[in-house]
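Here's the structure we're looking at; comments come further down.
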Amino acid sequence: MEEYPEELRTPPVTLASLVGCPELHTLISTHFLTAQPPINTLALPDVSKIIHLFNNKTDPDPTATSPSPIVPGIFKRDWLLKHRTKFPSLLGALFPSHHLTGDPAQWLQLCSDLDSIKAVIRGRNIKFAVVVVVDNNAAEISEDRMIALRKRAEVDAKYVIVLDPNDTANLKVSLQRLASTFTELALAYYREEGRRIKQRIEKKNVNSVELIVRYCFKVAVYAEFRSDWTEALKFYEEAYHTLREIVGVTTRLPAVQRLVEIKTISEHLHFKISTLLLHSGKVAEAVSWFRQHKNAYKRLVGAPEGVFLHWEWMSRQFLVFGELLETSSKITQGSSPIGLSTSSKPMSEWEYYPAYYYQLAAHYLSEKRSALELTISMSETSNENDSVVESVVPSVYMGQFARLLEEGDNVDMLPLSDEEYICYAVSEGKRFRDSLEIIALLKKAYESYSSVKILRMSSFCGFQMAREYFAEGDISNAKQVFDTIASLYRKEGWVTLLWDVLGYLRECSRKNGAIKDFVEYSLEMAALPVSSDTGVQRDTGPAGPANLLQREIVHNEVFELVSGASGLATNEHQSNLKISRDESLQLEVDLVSPLRLVMLASVAFHEQTIKPGTSTLITVSLLSHLPLTVEIDGLEIQFNQSNCNFFITNGQKSRSVEVSDGIQHRRTETATSLSLESNKWLRLTYDIQTDQSGKLECLSVIAKIGSHLSICCRAESPASLDSLPLWTLEDCVQTVPIKDPILVLSGLKSTQVEEQDPQVDLHLGVSSPALVGEVFLVPVTLVSKGHDVYSGELKINLVDVKGGGLFSPRDNEPYALDSHHVQLIGISGPEGEDDSHLDSDKIKKIQQSFGLISVPIIKNGDSWSCKLEIKWHRPKPIMLYVSLGYSPYSNELNIQTVHVHKNLQIEGHNAIVLNHHYLMPFRRDPLLLSKNKQASESNHSESLPLNQKNVLIVSAKNCTELPLRLKSMCIEVEDDAERTCSIQHGSEELANPPLLVPGEVFKKVFSVSSNMNISKLSLGTLCLKWRRDLGIEEQCASTSTLSWVLTKKKLPDVNVELPPLIVSFECPPYAVVGDPFTYYIRISNQTQLLQEIKYSLGDAQSFVLSGYHNDTVYVLPKSEHILSYKLVPLVSGIQQLPKFSMTSVRYSAAYQPSNSSNSVFIFPSKPIFKAAISTNSRLESVVNE
Amino acid sequence: MIVCVAVVGHQNNPLYIQSFTEADDALKLHHIVHCSLDVVDERVNNPKRSGPMLNETFLGLLYPIENFKVYGYLTNTKVKFILVTTDLDVKDADVRNFFRRFHAAYVDAVSNPFHVPGKKITSRTFAERVSTIVKSFGFSSAG
């Protein structure tokens, strides 16, 4: 775009001329420039200069007056510039006011100035305005003078403007008025000029098409001066179309130059049109206009020797339009092109990318270059035109050139012949380095495409650009770009394109002397899947045709190089590629490397787990896609356990790989053949063993080829073998690395080496179930049978069998406080070893359900034991896990540990079930009103009478399968609770701990009485101390050291109430047949009220009785009524006394004694008792059954 | 005249590419086909731009370059067909017709039980059929 002259690139600006009063010119012209629309000023100090300005009106366009068939050119080169800088549209004459008001000489001078101005501008139709500049101390200008001035100047009143530069307040306004007046005059001038020329077109008597083009152009330019863009566009298009018509018609100039002129003109017209379209935002129209333009001129190649001119022109079209598009898209950013399908021919969105035009500009420029080269080669012989070439200059007409002939002062322009012109153009073309230009264009396109993520297009541009760099010898730039685009082609599998790029890269590294790169690129090329001829035969880059033969050539070349074959010396290209004797070349092939095609290593262990010390098989498979068979000299297999590494040497090559002394002790295998055929797996199977447990993984396989090259392939598992990127697309048979069909799917490059079998026994000796509350001991015994135990650790875990956990925070049982139902309390060391000693230097960590202790060193054959102390708070089965981890070697470095695991389920049972119940003394029954009530409400809370002695019987049942010993049973009252009752019983300790066999019940009787007037009685907690019976050891165990288990049970609170009535019977403990006795029934009234009692006594067959059967008695308050009967027993044995029943009227309560209290034993005759009264104190504790 | 036809797979990898030109620009045609994938991508990813061509297999003119015009076609299995022609004035109907026949040939080729999907098409029958279709391109505007 920059090659166009300034006047073409910017819209024209009105030009006005100022004459006189030079001191004001700066002020006015500055203001005019900032005015809207701006006005350029042409300042002339005084009137005499006007003549100089317009004196070159020598050629007033002779064609306009007398149309002649021969027009020398379409339009003049400087016409536009002239109108923009030299031909003002109007003339403003500035006169100081004192010239008007002063002496007549000045007035006369003014008048003569006006006359000369008028004379100058008359023929040119230039507008005229008079500006009167008011002086500092000037007198008022009379009206007459003004009219005289107007008449003299022949202008309208409004074109005589008074400007007072000293009136600063109004200066701006008056300057604006001046500007608008000037604008008005200028518009009028350009309109008139435009109309004048338009009339010439419309008259149709212009018989030269060139003139029509010229007139249209002028009209358009005048319209542009007026900012009438629509008309400008219309006439530019008109000119353009008219010009296109004369292409085949005109014969004015020699053919080549004719075409050049037309193209130059059309280029300018097109530029104007595109600019106008783009500025008005009509991007789609501009694009389609461009396409039309391009298509119209594309075929106008011209004479063969001038073809390059055509391509250059085409290239420029694309470049300029691309630049225009880019600038306009910068201005109107974001407005994406829409309405693609508006025109009849669908447009591609691609035509909206400036990069597209740059790319094509580069393409045409390269066409131009090759055409130019052809022309140069043809015209090389003729040099006689050199003198002509030097004198060629652009002629006055646009797009034309002429020969400048200087003969002394006489300068003459001679027309050129086509040969001369071509010569000139060729010499001009030689001056430019097209490739730099092409690179710049491609780079623009490349970057532009890349920035919008159009990668393939940008790759293509990059490819062309890199090719130019390559041709220019800029290897580093070329290589960089080639590398970038090669990765895209690799990814998408465009083998032919990749082949070509790699060919360039190979040459780049050859030129750079980068031998490693050269080998890598060559190997990759040789391994590419270009088996069949892809049709790319000619016009290939340095890669050569993409076919199998070429692959083989590349293959041979690179292997000759690395094997150090002497064939290099003959090839002068490879002079800078040499491998010195001690230089080695290692290529790394990882999972993403393109060299995976060259060599791929798959390694599979035949077993997924192995024992240490035992051997397993390992298969190493190699695959290569190189076209020819490769002979490998040696393989090195590397593992993560470096002592497993081994070598495989080629049996066919005798000691070609020297194993250095340092690694002599490594294992070396010899394979019969290590030749790697194309696309065929080389499978090698060896056994391998390790002593170290853990993971054994094959890391890499290094293949040594020749004395210099080694290829290090990362080992891959067959199970996760990624398919080769490019070859999978080929229609060839897929082979598998291992023949074993299972290993193909599951084979891994790593195996797990198990740990050694433990040679230590772990015993958990538990015989009986655990009892809740006791400290349960679980003996753990370690017996070493073959291994020494070093740095042993014993881990203990308690796990709920049901999986519910040993922990229940929501439980509000009394022992929920310590939150664990089963707890590991501690671990006691082996017998004879003190606990504290164990603590001091060994790890010992005990938590509620987890324990960790260290085990001392146990020599082979020794044993060690300890006891786990576990306490159950709840009956619950648990699983006990004990695991021993140890190292069989004392060596600290060898960190392999061996593990032994044992587990055992242990049930926890409740040992003792406690029960209790209350009794009144024998044959004494109180009336408890609440009890009667409760009977209906089925509430089980106990009630006791107040002020009475009650009996509490506590029973403890052994529910285990073991005999237990009891130590004591007592009722403890909480310390803080108020003592509300008195509890009496015998001594707490049971002197000789009784044995409680399974299922047996132990009972103890307490007497409870309360005389406090409260309704609730809290009795306290029942405490029972017991332990397991030790059986035969019982005797020897000292009672003091034995730990007793304390089982507690809180007794529920009981209600206490005052009974209104108490009935008690008195009767002898036994009777004798025929011996009378008295049976008393006492009814005691505890209330302050009179109690009416109805009672009855039934007959009994076994007795004869005397007394009332039925009666009603009144018992006085706080007194007692006694009923007495005399009874004579008739029958021996246990007999029921006569049935007594009574009713309290007040309480509507009936009473009948229970059967047990109502019976008595009758002896047939008076019994004789031995006076053997038991001496022990066990009267109160009765062992039942 | 058709100078190049191509079948391009899911990963934008070439499955079949054949040029029908005597000139030396086979490699260039490969480049052009490869570049046209950008246009296909853009069409597919910004369907709103192409407006009425939504849901249509025929993608129309992809882009004009130098002396070529590139047309595209996208099957329902996302396999792309690319056509490069030197004709400046091509009827859309002709191209559509071409692609229809080409598609049929492609379907027959991949229906071969010995063809592995996703691999390059090496069938000789397919190649012959394609060259027949290509040869008949200019002349058979009727059918």
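The values are calculated or read from the model by the stated rules, or taken from the named source; none is laboratory data. On a predicted model such as this, the values are computed, not experimentally measured, just so you know. Cβ coordinates were reconstructed from backbone atoms using ideal geometry, including for glycine residues, and neighbour counts include every protein chain displayed.
Looking only at region B:99-117, count how many residues are in contact with a helix residue (DSSP H, G or I) (Cβ under 7 Å, 6 or more places away or on another chain) and within 14 Å of chain A (Cβ to nearest Cβ). Before the answer, list the steps.
Within region B:99-117, the first condition is being in contact with a helix residue (DSSP H, G or I) (Cβ under 7 Å, 6 or more places away or on another chain), and the residues that meet it are B:101-102, B:105, B:109, B:115, B:117.
Remaining after also requiring within 14 Å of chain A (Cβ to nearest Cβ): B:109, B:115, B:117.
So the count comes out to 3.
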| said: For the condition surrounded by fewer than 24 Cβ atoms within 10 Å (Cβ to Cβ) and within 14 Å of chain B (Cβ to nearest Cβ), what is the one hit in A:Ser509, A:Ser458, A:Ser448, A:Ser417? | reply: A:Ser448
| said: Quick check on region A:466-478. Is at least one of its residues within 14 Å of chain B (Cβ to nearest Cβ), within 49 Å of the chain's Cα centre (by Cα) and surrounded by 20 or more Cβ atoms within 10 Å (Cβ to Cβ)? | reply: yes
| field | Subset of region A:646-667 [of a type outside the set (A, V, I, L, M), under 49 Å from the mean Cα position of the chain (by Cα), modelled with pLDDT under 85 and surrounded by 12 or more Cβ atoms within 10 Å (Cβ to Cβ)] | value | A:Asn650, A:Arg666, A:Arg667
| task | Out of the residues in region A:261-309 that are among the charged types (D, E, K, R) and over 17 Å from A:Ala361 (Cβ atoms), state the one that is surrounded by the most Cβ atoms within 10 Å (Cβ to Cβ). | result | A:Lys272
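Could you tell me whether region B:78-89 includes any residue that is of a type in the set (A, V, I, L, M, F, W, C) and over 24 Å from B:Glu42 (Cβ atoms)?
Here is the first cut: in region B:78-89, the ones of a type in the set (A, V, I, L, M, F, W, C) are B:79, B:81-84, B:88.
Subsequent filtering for residues that are over 24 Å from B:Glu42 (Cβ atoms) retains none.
Looking for residues that are of a type in the set (A, V, I, L, M, F, W, C) and over 24 Å from B:Glu42 (Cβ atoms), one finds none in region B:78-89, hence no.
What are the residues in region A:720-745 that are of a type in the set (Asp, Glu) and within 24 Å of B:Phe114 (Cβ to Cβ), if any? If you could, list the steps in order and put the result at the bottom.
First, pick out the residues of region A:720-745 that are of a type in the set (Asp, Glu): A:722, A:730-731, A:740.
Once the filter is applied, which keeps residues that are of a type in the set (Asp, Glu) and within 24 Å of B:Phe114 (Cβ to Cβ), region A:720-745 yields A:Glu730, A:Asp731.
Can you tell me which residue in region B:79-98 is surrounded by the most Cβ atoms within 10 Å (Cβ to Cβ), limited to those that are in a helix (DSSP H, G or I) and away from every other protein chain (no Cβ under 11 Å)? Working first, answer last.
Our first condition is that a residue be in a helix (DSSP H, G or I); within region B:79-98, this holds for B:92-98.
Subsequent filtering for residues that are away from every other protein chain (no Cβ under 11 Å) retains B:93-98.
Details: B:Ala93: 10, B:Asp94: 18, B:Val95: 22, B:Arg96: 16, B:Asn97: 18, B:Phe98: 24.
Only one residue fits best here, namely B:Phe98.
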| query | In region B:21-34, what residues are under 13 Å from the mean Cα position of the chain (by Cα) and within 7 Å of chain A (Cβ to nearest Cβ)? | reply | B:His30, B:His34
| If we scan region A:772-780, do we find a residue that is farther than 30 Å from A:Asp722 by Cβ, within 54 Å of the chain's Cα centre (by Cα) and not assigned by TED's automatic domain parsing to the domain that holds A:Gln641? | yes
| query | Would you pick out the residues in region B:1-38 that are of a type in the set (Val, Ile, Thr) and modelled with pLDDT under 85? | reply | B:Thr21
| message | Just to confirm my filter: which strands (runs of 3 or more DSSP E) fall fully inside region A:908-996 and include at least 2 residues that are modelled with pLDDT of 80 or more? | response | A:912-919, A:924-926, A:949-958, A:964-972
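Only one of these is modelled with pLDDT of 75 or more and either in the same structural domain as A:Tyr881 (by TED's automatic domain parsing) or loosely packed, with under 15 Cβ neighbours inside 10 Å (or both): A:Leu806, A:Leu817, A:Leu798. Name it. I'd like the intermediate steps shown before the answer.
Details: A:Leu806 fails: modelled with pLDDT of 75 or more; A:Leu817 fails: modelled with pLDDT of 75 or more.
Within the list A:Leu806, A:Leu817, A:Leu798, the selection yields A:Leu798.
Does region A:572-591 contain at least one residue that is closer than 30 Å to A:Ser746 by Cα, aliphatic (A, V, I, L, M) and either surrounded by fewer than 13 Cβ atoms within 10 Å (Cβ to Cβ) or modelled with pLDDT under 85 (or both)? Before the answer, list the steps.
Looking only at region A:572-591, we keep the residues that are closer than 30 Å to A:Ser746 by Cα, and these are A:587-591.
Now restrict to residues that are aliphatic (A, V, I, L, M): A:587, A:589, A:591.
This time we only want the ones that are either surrounded by fewer than 13 Cβ atoms within 10 Å (Cβ to Cβ) or modelled with pLDDT under 85 (or both), so: A:591.
Checked region A:572-591: at least one residue is closer than 30 Å to A:Ser746 by Cα, aliphatic (A, V, I, L, M) and either surrounded by fewer than 13 Cβ atoms within 10 Å (Cβ to Cβ) or modelled with pLDDT under 85 (or both).
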| note | Selection over region A:188-234 where residues are without any contact (Cβ under 8 Å) to a residue 40 or more places away in the chain and either loosely packed, with under 15 Cβ neighbours inside 10 Å or among the aliphatic types (A, V, I, L, M) (or both) yields a count of 11
| remark: Every listed condition ((1) in a loop (DSSP other than H, G, I, E, B); (2) in contact with a Phe, Trp or Tyr (Cβ under 6 Å, 6 or more places away or on another chain); (3) crowded, with 18+ Cβ neighbours inside 10 Å) holds for A:Ala1100 save (2)
| remark: Scanning region A:712-743 for residues that are among the polar types (S, T, N, Q) and closer than 30 Å to B:Ile121 by Cβ gives A:Ser720, A:Ser723, A:Thr728, A:Gln734, A:Thr735
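Here is a yes/no grid of residues against (1) among the polar types (S, T, N, Q); (2) under 19 Å from A:Leu1061 (Cβ atoms):
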{"position": "A:Leu1089", "(1), (2)": "no, yes"}
{"position": "A:Gly1098", "(1), (2)": "no, no"}
{"position": "A:Ser1119", "(1), (2)": "yes, yes"}
{"position": "A:Ser1132", "(1), (2)": "yes, no"}
{"position": "A:Phe1140", "(1), (2)": "no, yes"}
{"position": "A:Thr1143", "(1), (2)": "yes, yes"}
{"position": "A:Arg1146", "(1), (2)": "no, yes"}
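Somewhere in region A:142-152, is a residue in contact (Cβ under 8 Å) with a residue 60 or more places away in the chain, in a helix (DSSP H, G or I) and buried (at least 18 other Cβ atoms within 10 Å of the Cβ)?
Initially, region A:142-152 is screened for residues in contact (Cβ under 8 Å) with a residue 60 or more places away in the chain, giving none.
No, every residue in region A:142-152 fails to be in contact (Cβ under 8 Å) with a residue 60 or more places away in the chain, in a helix (DSSP H, G or I) and buried (at least 18 other Cβ atoms within 10 Å of the Cβ).
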| request: Select from region A:784-803 the residues that are within 45 Å of the chain's Cα centre (by Cα), of a type in the set (A, V, I, L, M, F, W, C) and assigned to a strand (DSSP E or B) and list them in ascending order. | output: A:Leu794, A:Ile796, A:Leu798, A:Val799
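Within region A:351-375, how many residues turn out to be within 13 Å of another protein chain (Cβ to nearest Cβ) and in a helix (DSSP H, G or I)?
Our first condition is that a residue be within 13 Å of another protein chain (Cβ to nearest Cβ); within region A:351-375, this holds for A:351-353, A:355-367, A:370.
Those still in the list that are in a helix (DSSP H, G or I) too: A:351-352, A:355-367, A:370.
Here the count works out to 16.
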| task | Would you mention how many residues in region A:7-63 are within 18 Å of A:Leu81 (Cα to Cα), modelled with pLDDT of 75 or more and assigned to a loop (DSSP other than H, G, I, E, B)? | result | 5
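Report whether or not A:Ile485 is within 14 Å of another protein chain (Cβ to nearest Cβ) and under 30 Å from A:His555 (Cα atoms). Break it down into steps so the answer makes sense when it comes.
On the way: within 14 Å of another protein chain (Cβ to nearest Cβ): yes; under 30 Å from A:His555 (Cα atoms): yes.
In short, yes.
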